[in-house]
């Protein structure tokens with residue numbers, strides 16, 4: 001405990017933590033001291049008591065996927081009942097609704113479709129950009145690696161072509177745990193940790209921003225979570241291209257992994273440790289979608305400075321049986337009730353003129 | 001424990017001093033704790049007190065909830081449970097229905113039946129006595145925690161006898177404890193707005209005092225997050241603290257966040273997590289003479305209830321099956337938790353699970369019983 005207190009003071013001074021120090025904190029630090037240290041580091045980076053959020057919609061262009069990850073409740077096989085690829089009409093309607101609700105971006109992801117060529121995705125991007133002034137945050141690294149494999153292209157070419165067609169930024173999904181032994185067990189057909197990092201490095205090199213996620217609480221050990229953080233920190237040192245880190249807890253219902261969900265205290269501890277380890281990340285997001293609004297609100301005192309997205313639509317976590325719903329007003333009220341000022345932002349964490357400023 | 005400097009920064013060093021010295025906080029102290037922007041600072045104080053009283057223990061009970069009827073003459077505006085006769089959602093259990101519910105769980109290692117209902121317009125007092133006798137005949141080892149002070153007052157009125165006589169007769173029929181509901185917020189201002197027909201705050205305290213004097217221990221609740229002020233919450237806590245000084249009969253205090261869905265109160269938003277945790281912590285700090293504080297997961301959600309173990313709570317309540325009152329008001333929690341899931345959540349929070357009975361006596365279990373998994377409706381195993 002004494003050692004943990006020493007490490008916390010070191011982190012609060014803004015000094016970098018090593019793997020062993022992170023492990024000591026994660027295992028031993030007092031709950032309140034950990035939260036306090038994470039919050040003080042957060043205040044060092046963002047002295048104004050502002051908590052940001054983004055108004056956007058998750059659009060899943062298709063749920064057809066040949067990956068078969070064991071933690072996923074969303075995917076369908078190509079011929080399975082309930083499989084779909086969105087039509088242009090559906091896509092148009094979803095984007096129109098998003099803009100009407102003051103949205104600034106869409107997060108668009110799908111599965112690993114076995115046959116659709118890269119040109120299909122380029123066409124979608126052009127179709128959207130020709131019609132709508134909206135930021136497209138789309139295609140997680142595993143999808144990009146999949147597109148490359150299917151088309152016999154290298155990752156750099158895929159990113160450049162998608163970017164030319166209108167892609168603005170890449171979401172940090174599919175990172176799961178960036179340790180290959182874990183990935184082999186839970187998502188054997190998905191890209192490796194090195195490939196995930198390579199896509200992000202290449203995107204950053206081409207001038208694109210991305211986010212980074214971690215899905216924890218399935219079959220990994222605690223030290224794998226810390227290795228994941230170290231891998232992200234190392235890449236961020238080289239590129240500076242990550243805008244935010246978003247840890248979220250695996251939701252086991254309807255998946256092939258039988259274990260109970262991660263608890264709130266474990267989540268808050270991991271969030272705080274992430275803030276302390278990721279000293280080169282500006283933003284850390286709370287996950288109300290998986291933890292519920294009440295715990296996510298407390299996360300704003302455990303290192304998070306962002307409340308994530310309003311999620312006008314969300315399908316993947318919902319498929320795992322978790323249905324939290326929040327309006328923009330509700331998000332603003334939660335942020336205010338925690339003692340912060342809510343501000344709408346873009347994917348690049350620029351503040352925008354709030355489309356929702358005065359409560360009704 | 002957080003750095004002392006933090007309390008100087010927030011101007012709470014005198015409150016920290018009182019807590020260290022074991023001295024009682026005033027209502028004004030409570031107001032300053034509600035006003036402190038740093039919920040972690042307040043929580044850490046409550047955790048210090050909680051650890052001093054209970055160490056790393058976190059209690060739970062293996063229990064069964066029975067709501068005998070939701071017919072109710074009161075019509076409180078905050079309630080989504082109570083119904084009038086003829087309402088399609090109204091229900092009433094017969095004596096046999098109640099006993100069948102107990103029989104249905106006869107293989108489960110339950111130690112407590114928690115039974116409450118509305119203020120039924122016509123059921124005779126004998127019904128409740130028979131229900132208690134029937135349950136005790138089926139499972140004599142069970143403790144029955146039943147009937148709020150509001151129901152006790154209602155029985156007395158309907159039967160034309162005193163509340164003391166009601167309590168005496170129920171005790172004789174097998175009643176072990178009162179659950180402490182119906183306290184809401186004692187403030188007459190709030191009650192006149194929310195539940196004008198219901199027993200007054202003074203009446204609730206009187207009946208609870210009578211129960212204690214008859215040797216019937218009770219819990220006490222507070223329903224917050226509707227129309228009351230923080231001051232009114234603190235006055236409620238202070239009234240309980242004074243009652244406890246007199247009788248010592250309160251076992252556990254249960255702060256309940258108001259759930260507005262499906263109630264007659266449309267203009268109030270649900271409480272937020274930080275507000276729930278702060279209220280929990282202030283309750284622990286104010287109620288220096290009440291041994292236990294419950295994080296009732298049915299109202300808080302399991303996730304927040306686990307966090308609340310760091311904000312003054314030492315009890316996680318129970319396995320609860322077929323809870324209706326909170327869920328009819330839109331509570332988003334599960335219907336039931338298995339014992340193994342309760343223990344896991346407590347342990348992963350960093351606490352030591354201790355099974356208790358309704359009086360918080362530790363329940364010793366031998367062999368297989370300890371690992372028994374309760375298979376119940378709503379269980380996800």
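The values are calculated or read from the model by the stated rules, or taken from the named source; none is laboratory data. Note that this is a predicted model, so its numbers are computed, not measured. Counting neighbours? That spans all protein chains shown, and the Cβs are built from the backbone with ideal geometry, glycine included.
Numbers for the structure displayed
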{"read-out": "Residue match in segment A:258-280 (condition: modelled with pLDDT under 90, more than 17 Å from residue A:56 (Cα to Cα) and out of contact with any helix residue (DSSP H, G or I) (no Cβ under 9 Å at 6 or more places or on another chain))", "value": "yes"}
{"read-out": "Those residues of segment A:192-210 which are on the phi < 0 side of the Ramachandran plot and part of a loop (DSSP other than H, G, I, E, B), in sequence order", "value": "A:192, A:206, A:208"}
{"read-out": "Pairs where the first residue, in segment A:34-56, is at the interface with chain B (Cβ under 10 Å from one of its Cβ atoms) and the second is assigned to a strand (DSSP E or B) and at pLDDT 95 or above, C-beta under 9 Å, 6+ apart", "value": "A:49/A:341"}
{"read-out": "Of all residues in segment B:242-261 being touching a helix residue (DSSP H, G or I) at 6+ places or on another chain (Cβ under 6 Å) and farther than 24 Å from residue B:63 by Cβ, the one that is nearest to the other protein chains (Cβ to nearest Cβ)", "value": "B:243"}
{"read-out": "When residues of segment B:36-54 are limited to those that are touching a residue at least 60 places away in the same chain (Cβ under 8 Å) and away from chain A (no Cβ under 14 Å), the one surrounded by the most Cβ atoms within 10 Å (Cβ to Cβ)", "value": "B:54"}
{"read-out": "Lone qualifier among B:9, B:28, B:13, B:20 - being more than 23 Å from the chain's Cα centre (by Cα) and within 14 Å of another protein chain (Cβ to nearest Cβ)", "value": "B:9"}
{"read-out": "Where residue B:269 falls short, out of the listed (1) in a loop (DSSP other than H, G, I, E, B); (2) within 14 Å of chain A (Cβ to nearest Cβ); (3) within 16 Å of the chain's Cα centre (by Cα); (4) over 21 Å from residue A:266 (Cβ atoms)", "value": "(3)"}
{"read-out": "Selection from segment A:7-24 of residues that are in contact with a helix residue (DSSP H, G or I) (Cβ under 7 Å, 6 or more places away or on another chain) and outside any helix (DSSP H, G or I)", "value": "A:14, A:17"}
{"read-out": "Segment B:288-300, subset touching a helix residue (DSSP H, G or I) at 6+ places or on another chain (Cβ under 6 Å) and part of a loop (DSSP other than H, G, I, E, B), residue farthest from the other protein chains (Cβ to nearest Cβ)", "value": "B:289"}
{"read-out": "Failed item, numbered, when residue B:177 is tested on (1) under 24 Å from residue B:213 (Cα atoms); (2) surrounded by fewer than 16 Cβ atoms within 10 Å (Cβ to Cβ)", "value": "(2)"}
{"read-out": "Any hit, segment B:98-105, residues being touching a residue at least 24 places away in the same chain (Cβ under 8 Å) and more than 25 Å from residue B:126 (Cα to Cα)", "value": "no"}
{"read-out": "The one condition in (1) within 14 Å of chain A (Cβ to nearest Cβ); (2) modelled with pLDDT of 95 or more; (3) not in a strand (DSSP E or B) that residue B:33 fails to fulfil", "value": "(1)"}
{"read-out": "Out of A:158, A:66, A:85, sole residue that is in contact with a strand residue (DSSP E or B) (Cβ under 6 Å, 6 or more places away or on another chain) and either free of Cβ contacts under 8 Å to residues at least 60 places away in the same chain or surrounded by fewer than 19 Cβ atoms within 10 Å (Cβ to Cβ) (or both)", "value": "A:85"}
{"read-out": "Among (1) more than 14 Å from every other protein chain (Cβ to nearest Cβ); (2) buried (at least 20 other Cβ atoms within 10 Å of the Cβ); (3) at pLDDT 75 or above - the single one residue B:362 does not satisfy", "value": "(2)"}
{"read-out": "Qualifying residue in segment A:318-327 (condition: touching a strand residue (DSSP E or B) at 6+ places or on another chain (Cβ under 8 Å) and either under 13 Å from residue A:53 (Cα atoms) or modelled with pLDDT under 95 (or both))", "value": "no"}
{"read-out": "Total residues in segment B:53-67, condition out of contact with any strand residue (DSSP E or B) (no Cβ under 6 Å at 6 or more places or on another chain), in a loop (DSSP other than H, G, I, E, B) and modelled with pLDDT of 95 or more", "value": "1"}
{"read-out": "Enumeration of residues in segment A:317-339 that are surrounded by fewer than 21 Cβ atoms within 10 Å (Cβ to Cβ) and within 11 Å of chain B (Cβ to nearest Cβ)", "value": "A:321, A:322, A:323, A:324, A:325, A:327, A:329, A:330, A:333, A:336, A:337, A:339"}
{"read-out": "Condition check for residue A:144: assigned to a helix (DSSP H, G or I), at pLDDT 95 or above and touching a strand residue (DSSP E or B) at 6+ places or on another chain (Cβ under 8 Å)", "value": "yes"}
{"read-out": "Residues of segment B:275-287 satisfying the condition of being closer than 15 Å to residue B:44 by Cβ and away from chain A (no Cβ under 14 Å)", "value": "B:282, B:284, B:285"}
{"read-out": "Output for segment A:160-191, where each listed residue is more than 18 Å from the chain's Cα centre (by Cα), outside any helix (DSSP H, G or I) and either at pLDDT 95 or above or under 30 Å from residue A:126 (Cβ atoms) (or both)", "value": "A:166, A:189"}
{"read-out": "Qualifying residue in segment B:313-331 (condition: modelled with pLDDT of 90 or more, under 14 Å from the mean Cα position of the chain (by Cα), under 29 Å from residue B:81 (Cα atoms) and within 10 Å of another protein chain (Cβ to nearest Cβ))", "value": "no"}
{"read-out": "So residue A:27, is it surrounded by fewer than 21 Cβ atoms within 10 Å (Cβ to Cβ), within 14 Å of chain B (Cβ to nearest Cβ) and farther than 24 Å from residue B:2 by Cβ", "value": "no"}
{"read-out": "Entirely in segment B:84-199, the helices (runs of 4 or more DSSP H) that have 2 or more residues that are farther than 30 Å from residue B:229 by Cα", "value": "B:95-104, B:125-138, B:149-159, B:163-173"}
{"read-out": "Residue tally, condition closer than 19 Å to residue A:306 by Cα and assigned to a loop (DSSP other than H, G, I, E, B), over segment A:253-288", "value": "7"}
{"read-out": "Single condition residue B:1 does not satisfy, out of (1) surrounded by fewer than 20 Cβ atoms within 10 Å (Cβ to Cβ); (2) in contact (Cβ under 8 Å) with a residue 24 or more places away in the chain; (3) in a helix (DSSP H, G or I); (4) within 14 Å of chain A (Cβ to nearest Cβ)", "value": "(3)"}
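Listed here are the residues, each with its yes/no results for (1) more than 14 Å from chain B (Cβ to nearest Cβ); (2) crowded, with 24+ Cβ neighbours inside 10 Å; (3) in contact (Cβ under 8 Å) with a residue 40 or more places away in the chain; (4) touching a strand residue (DSSP E or B) at 6+ places or on another chain (Cβ under 6 Å).
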| residue | (1), (2), (3), (4) |
| --- | --- |
| A:242 | yes, no, yes, yes |
| A:256 | yes, no, yes, no |
| A:264 | no, yes, no, no |
| A:281 | yes, no, yes, yes |
| A:286 | no, yes, no, yes |
| A:307 | no, yes, yes, yes |
| A:315 | yes, no, yes, yes |
